[in-house]
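Before any comments, here is the structure.
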Amino acid sequence: MTTVSKLQINYLDHVVGITEGPQFSWAIDTPFRNCRQKQYQIQIADEPSFASPLFDTGLVESNDSAQVRVPGFTPEEGIKYWARVKVVTEADGQGISTTPFSGSATILGGLKDPDSLKEHFITAETEEDIKLSKGTYLRKAISLKKEVKSAVIFSTAQGVYQLHLDGKKVSCDELAPGWTSYDHRLLYQSYDVTNMLSPGEHVLGVHLGSLWYKGTISFLMIHNFYGDYASLSLRMDVTYTDGSKETFYTDESWKGSYSPVLNSQLYDGEAYDASLEQEGWDNPEFNDDAWRTAKAVPCTSEHIEAQEGSPVALQEIMAPTLAFYTPKGERVIDFGQNMSALPEIRGQGKAGETIVLRCFEVLDKDGNVYTDNLRRAEQRITYTIKDDKPFVYRPYFTFFGFRFIHVESFPGRADLDNFKAYVIHSDMPQTGSFACSNPDLNQLQHNILWGLKSNFVDVPTDCPQRDERLGWTGDAQIFCQTASYNVNTYTFFKKWLKDLALDQTQEGGVPHVVPDVLYKYPFDNWLLNQGTHSATAWADAAIINPWVLYLTFGDTAILETQYESMKGWIDFMKTHAKNNIWNYKLQFGDWVALDAEEGSYFGATPNDLTCTAYYAYSTSLFVKIARILGKEAVAKEYEALYNNIVKTFQETFFNTDGTMTAQTQTAHILALHFNLAPKQFIAKTVENLKQLLAEHDGHLVTGFVGTPYFCHALSSNDCLDEAYALLLKDDFPSWLYQVKKGATTIWEHWDGIKPDGSMWSPDMNSFNHYAYGAIGEWLYRVVAGLNIDENEPGYKHTVIAPRIGGNLTWVEAAYQSVYGEVGIRWERESKSNVITLQATVPANTTATIRLLDGASLVDGDALTFAQRDDILEAEAGSGMYTIRYTLNS
Ligand code: BGC
């Protein structure tokens with residue numbers, strides 16, 4: 001039977017806060033091949049039974065099953081909607097068939113005038129608290145006289161907050177409202193609390209902390225970056241069954257108090273004194289006479305906007321695997337996994353006893369606690385016990401990047417059952433999976449995924465442990481495509497890209513970090529002299545990240561939204577380029593490459609070269625984007641610019657004999673991968689790259705810029721064996737070297753831990769940096785062969801083209817696209833050259849199945865394969881196929 005298996009709205013199952021007509025997409029599930037949609041029908045209702053839908057498109061003749069809009073539908077403020085879809089399809093062996101209606105996806109309409117929340121900020125802090133980061137409570141008792149039909153809370157904080165109603169947390173969100181470029185915008189959350197309210201007395205209770213807003217931030221250790229008071233603005237709309245409505249706001253009738261959180265900071269952790277707990281503070285029975293009245297404070301953001309999805313939330317709970325003493329006698333709890341999480345402590349002791357814990361990533365050479373790489377981040381929990389009863393505690397307003405806990409003090413001996421770790425990250429369903437016959441590669445994939453989870457905490461950060469945790473644009477750019485294979489990144493990056501655009505300079509320069517917390521206080525000499533924006537490969541996130549979202553979801557809306565930002569960035573480069581060579585102030589270049597001079601972070605590839613290569617690449621994408629948006633004149637203008645940059649690149653960075661002026665791996669990788677090598681010199685460039693690889697005994701010495709594309713540059717240029725050899729190297733330096741050293745996430749440095757067990761300098765040695773995890777793209781795209789077709793993006797048409805190699809006997813990858821699962825499995829029949837390829841093409845999409853590397857067909861499973869040079873290729877409609885072929889070698 002054919003059904004609609006997944007309906008999404010703006011790529012989410014549940015979207016909140018929207019005020020504009022959304023985009024619908026759905027997946028069709030069918031056992032029949034060549035299934036195409038002929039018609040669809042969408043219904044939208046304000047209750048889940050759809051008894052009388054508010055909107056019904058009727059059957060619409062269309063094969064669109066993504067980016068579909070319902071004419072006339074715009075969500076109204078505070079109204080919850082249910083949407084469902086059914087489709088008419090035609091498929092082989094089934095003919096025309098109509099599905100039942102799908103399960104429903106929901107929408108909660110956002111505020112018409114979100115800026116109205118600016119008027120309602122209140123705080124429980126006093127002037128003495130300005131420079132502190134304490135926890136505070138705010139509460140308000142309310143009385144409802146009538147039966148409630150629906151109730152919605154719209155709330156936000158300058159700081160971070162947890163919302164309670166009658167003693168219960170309203171959601172499992174953490175660190176709301178998340179981090180945006182607060183000067184420009186702050187996001188509000190929308191919570192449907194209908195089921196929590198009935199006639200009678202209720203209490204709205206809020207626990208507030210400081211974090212990004214006024215706590216210490218960035219390696220410059222600035223506090224009060226955005227403002228002085230942790231404060232809350234809330235509005236609750238109640239609609240009664242008799243049709244009447246009542247609205248409650250935060251105001252000076254609310255009461256406030258300090259909470260037991262004495263200090264809570266992004267880097268330093270949390271200090272909590274349980275003796276200050278106030279039992280039932282968020283319940284109606286609690287007497288708040290002793291509390292002070294809340295004070296109104298101004299909003300420091302220009303605008304308030306809705307958070308539509310992907311909130312940071314608790315995602316999974318990890319139990320520790322080992323408790324032990326180090327040679328130095330330190331008590332350590334090991335979770336076996338590096339992560340971003342909140343430790344939970346359970347125990348029992350005496351009043352006044354203190355528990356002190358430090359969270360950290362790795363043990364040193366001798367197996368002792370190693371915290372030097374945290375730099376100035378304390379990552380410490382200090383918990384004071386209030387009485388002799390059992391207690392449970394989890395920090396409220398921070399998070400930690402760690403695998404181990406050092407128990408500095410505990411009542412009695414701390415053991416496994418005293419601890420758990422609550423993993424937090426932005427809520428982004430996993431979309432991709434990759435597995436193969438090589439366990440080390442599977443561990444690498446695991447590490448990539450955990451690097452992602454640890455660093456997608458509302459903004460894409462560089463690392464979750466030391467005194468940074470900033471939205472470094474380069475890291476986010478480099479990893480974007482790999483991330484988008486593995487999880488649903490749409491809402492997460494859409495939000496971040498909006499902040500990127502808002503933080504751009506007047507001229508279009510793109511900050512090194514977004515939200516930009518480096519520009520305001522340039523008392524740091526390095527930044528003052530060198531600049532806080534517009535570094536190549538970092539700033540290019542402005543173009544590359546929207547492009548990746550477009551490819552992954554087939555969505556032109558993201559290109560439209562980001563258009564001015566993208567153009568601004570290209571124009572910035574154009575303005576500051578000299579005769580098409582782009583370079584500007586502070587450049588990170590091939591950051592942390594191993595060909596850097598001793599002690600330096602800057603790789604050996606000259607900035608003129610890396611900058612101009614990216615200038616060309618980003619301009620080429622911008623030309624495509626302008627064309628997609630129908631801006632032909634712009635496309636032509638920038639195409640001419642692109643051609644000039646390429647010409648200059650070739651004249652400047654290639655000698656007349658075809659060698660490159662820079663003898664680095666990265667220079668050659670960029671020339672090949674960005675199509676910048678003159679045609680007649682491509683073969684030579686490939687040969688030279690192989691030579692540069694051989695000079696290091698087949699090892700890479702590349703940094704952030706060269707590494708992501710190394711295997712591509714080889715495999716796209718007839719060097720598949722070399723690419724696999726590079727991937728599978730497991731001695732220093734290599735991806736699998738980290739795996740062999742027991743890594744559970746991706747390291748910042750190839751030599752984070754050196755072969756002799758010593759460490760790279762602690763000033764820049766994170767063990768949870770996702771950038772080098774960008775190899776994940778090669779695993780999906782080349783090893784498994786799962787390729788997006790630029791001409792029909794969003795997996796409307798997929799190119800399935802696995803490259804068999806590396807002594808792998810099988811590979812399996814799947815991606816949950818908006819249309820449904822695209823799947824690939826290939827297997828080499830024992831010790832032979834016969835490959836069995838299973839491909840799954842989602843309904844209402846098509847695929848090209850390409851058998852490469854000199855294949856001859858054994859069984860095409862009813863597909864018609866045509867020979868093109870040494871490639872066999874077939875066009876496939878939807879369905880599952882099992883193809884057998886032999887490799888020639
Ligand atoms: C970060 C990097 C970042 C870099 C800029 C570092 O401190 O951790 O990942 O991209 O600075 O070069």
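The local environment of LEU232, defined by Cβ-Cβ distances under 12 Å, has a net charge of +2 under the rule Lys, Arg +1 and Asp, Glu -1. Given their separation in residues at 0.36 nm each and the Cα-Cα distance between them, GLU695 and LEU322 gain 130.0 nm when the chain is fully extended.
Per residue of the chain, the DSSP helices (runs of n ≥ 4 H) give a summed -39500 (n - 2.57) that works out to -6000 deg cm²/dmol at 222 nm. For region 736-818, applying the loop criterion from DSSP together with a ceiling of 16 other beta carbons within 10 Å to the GluC sites (Glu not before Pro) yields GLU790.
Amide H to amide H distances under 5 Å link GLN158 with SER231, LEU232, SER233, where only residues 5 or more positions off or on other chains count and H is placed in the peptide plane. Within the accessible area of region 1-52, what % is carbon and sulfur when the probe is 1.4 Å and the other protein chains stay in place? Whole-percent figure for carbon plus sulfur exposure: 46. Note that the chain presents 35 Å² accessible area per residue, ligands and nucleic acids not counted, probe 1.4 Å. To the nearest ten degrees, helix 473-486 and the longest principal axis of the Cα atoms of the chain are 80 degrees apart. Hey, with R₀ at 56 Å, roughly what FRET efficiency would LYS149 and ASP859 work out to, going by the Cβ-Cβ distance, to 0.05? Efficiency computed from Cβ-Cβ geometry: 0.35.
Where the centre of each part is set by its Cα atoms, how far does region 737-764 sit from region 713-728, in angstrom? Distance between centres, Cα-based: 24 Å. Taking amide hydrogens as placed 1.01 Å from N in the peptide plane, the amide H of GLY269 sits under 5 Å from those of GLN379, ARG380, each at least 5 positions away in sequence or on another chain. Placing pseudo-labels 7 Å out from each Cα toward the beta carbon at ALA290 and GLN663 gives an inter-label distance of 7.7 nm.
The angle separating the long axis of helix 439-455 from the principal Cα axis of greatest extent in the chain is about 40 degrees. Around the amide H of ASN580, modelled in the peptide plane, lies no amide H under 5 Å away from a residue 5 or more places distant or on another chain.
Taken as Cα centroids, region 536-561 and region 36-71 sit 29 Å apart, rounded to the nearest whole angstrom.
Which residues does a label at LYS578 reach in region 606-627, if reach means a backbone N under 18 Å from a point 7 Å past the Cα toward the Cβ? What the label zone holds, given the 18 Å backbone N cut-off, is 606-613, 615. Measure nothing fancy, just the Cα-based angle from helix 541-553's long axis to the longest principal axis of the chain, in degrees from 0 to 90, nearest 10. Rounded to the nearest ten degrees, it is 80.
Loop-located trypsin sites (Lys or Arg not before Pro) in region 559-607 (DSSP state not H, G, I, E or B) with no more than 14 neighbouring Cβ atoms inside 10 Å: LYS585. Loop-located GluC sites (Glu not before Pro) across region 146-208 with a Cβ neighbour count of 16 or fewer within 10 Å are GLU147, with loop assigned by DSSP. Backbone phi angles across region 457-470, fed through the Karplus curve with coefficients 6.51, -1.76 and 1.60 (θ = phi - 60°), yield HN-Hα couplings of 10, 6, 10, x, 9, 6, 7, x, 10, 7, 7, 9, 6, 10 Hz in residue order; Gly and Pro are listed as x.
The values are calculated or read from the model by the stated rules, or taken from the named source; none is laboratory data. Everything numeric here is computed off the predicted structure, so don't read it as measured data. Neighbour counts are summed over all protein chains in view; Cβ atoms, including those assigned to glycine, are modelled from backbone coordinates with ideal geometry. The protein model used for the area step is the full one, side chains on, heavy atoms only, and it has no ligands, DNA or RNA in it. Shrake-Rupley method; radii C 1.70, N 1.55, O 1.52, S 1.80 Å.
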